[in-house]
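A short worksheet on the structure shown next.
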Amino acid sequence: MKTKFRLGPARFWLVLMAVLFLLTGATSGWAASASGFTLKAVQDGKEYSLSQFKGKVVLINFFTFFCGPCREEMPHLSQMHQELKGQGFQVLGIGLSSTTDQLKQIVTQLNLAYPVLEGNDAVSKAYGGVELVPLTFIIDKQGNIAHKVLGARSKADFEKLIKPLL
């Protein structure tokens with residue numbers, strides 16, 4: 001004898017709301033403001049603050065020295081930075097769980113044209129506790145998180161997200 005599983009109206013709406021909440025958090029359209037930070041660049045020791053890029057579209061890419069997929073997408077981020085910086089676009093790389101020397105090595109090996117910043121636990125926590133990399137946030141001109149991207153993406157994939165915001 002088959003037993004039918006019946007979801008009552010209250011449970012149905014509870015499950016539906018939970019699914020919608022999870023889907024919303026995994027896609028674009030967030031209204032959350034990006035968390036501010038001030039971090040030092042490994043290239044020249046200059047400090048960068050998110051607030052100095054207000055009015056620009058900013059791509060923040062969290063990575064680690066030992067992350068292969070991170071290294072694969074970073075040259076694409078560098079190309080986009082060069083191509084779109086005149087249109088109000090800025091890329092910032094934030095290295096986590098990596099030494100200054102390791103970060104400098106990545107910059108040199110990959111010939112990165114954007115600032116690579118020394119990350120810390122505070123900035124990781126401010127962006128939801130970065131546990132998996134690469135993790136990329138695309139911030140709109142108003143300083144809101146427009147997209148959260150977990151995992152490596154192609155240049156074309158990123159451009160589809162960035163160009164409408166410029």
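Plainly put, the range 99-141 has a radius of gyration that is 1.00 times its Kirkwood radius, both from alpha-carbon atoms, as the Rg/Rh ratio.
Using DSSP, restrict attention to beta bridges with both residues in the range 77-166 and report what percent are antiparallel, rounded to the nearest 5. Please report the intermediate quantities before stating the final value.
Values: 5 of 8 bridges.
Antiparallel bridges: around 60 percent, rounded to the nearest 5.
Per residue, the range 121-166 exposes 50 Å² of accessible surface when a 1.4 Å probe is rolled over the protein heavy atoms with every protein chain present. Checking the cross-link pairs 54/155; 85/163; 104/163; 40/104 against a 19 Å limit on the alpha carbon distance flags 54/155; 104/163 as lying beyond it.
Would you mind telling me the share, in percent, of accessible area of the range 29-166 contributed by carbon and sulfur at probe 1.4 angstrom?
Working: 3120 of 6480 Å².
Within the range 29-166, the accessible surface is 48 percent carbon and sulfur.
Multiplying each eigenvalue of the alpha-carbon gyration tensor of the range 65-147 by 5 and taking the square root yields semi-axes of 20, 18, 11 Å, largest first, rounded to whole angstroms.
Placing pseudo-labels 7 Å out from each Cα toward the beta carbon at residue 65 and residue 122 gives an inter-label distance of 2.3 nm.
Pull out the extension gain between residue 33 and residue 110, defined as 0.36 nm times the separation in residues minus the alpha carbon to alpha carbon distance; nm, one decimal.
Numbers: separation 77, 0.36 × 77 = 27.72 nm, distance 3.08 nm.
Result for the pair: 24.6 nm of gain on full extension.
Where does each of 116-129, 83-96, 39-52 land if you order them by average Cβ count within 10 Å, highest first?
Values: 116-129: 16.1, 83-96: 19.0, 39-52: 14.4.
Going by the mean number of other Cβ atoms within 10 Å, highest first, we get 83-96, 116-129, 39-52.
The values are calculated or read from the model by the stated rules, or taken from the named source; none is laboratory data. None of the values given here were measured: they were computed from a predicted structure. In this analysis, Cβ positions are derived from the backbone assuming ideal geometry, glycine residues included, and neighbour counts consider all displayed protein chains. These accessible areas exclude ligands, DNA and RNA; they are computed on the full protein's heavy atoms, side chains included. Shrake-Rupley method; radii C 1.70, N 1.55, O 1.52, S 1.80 Å.
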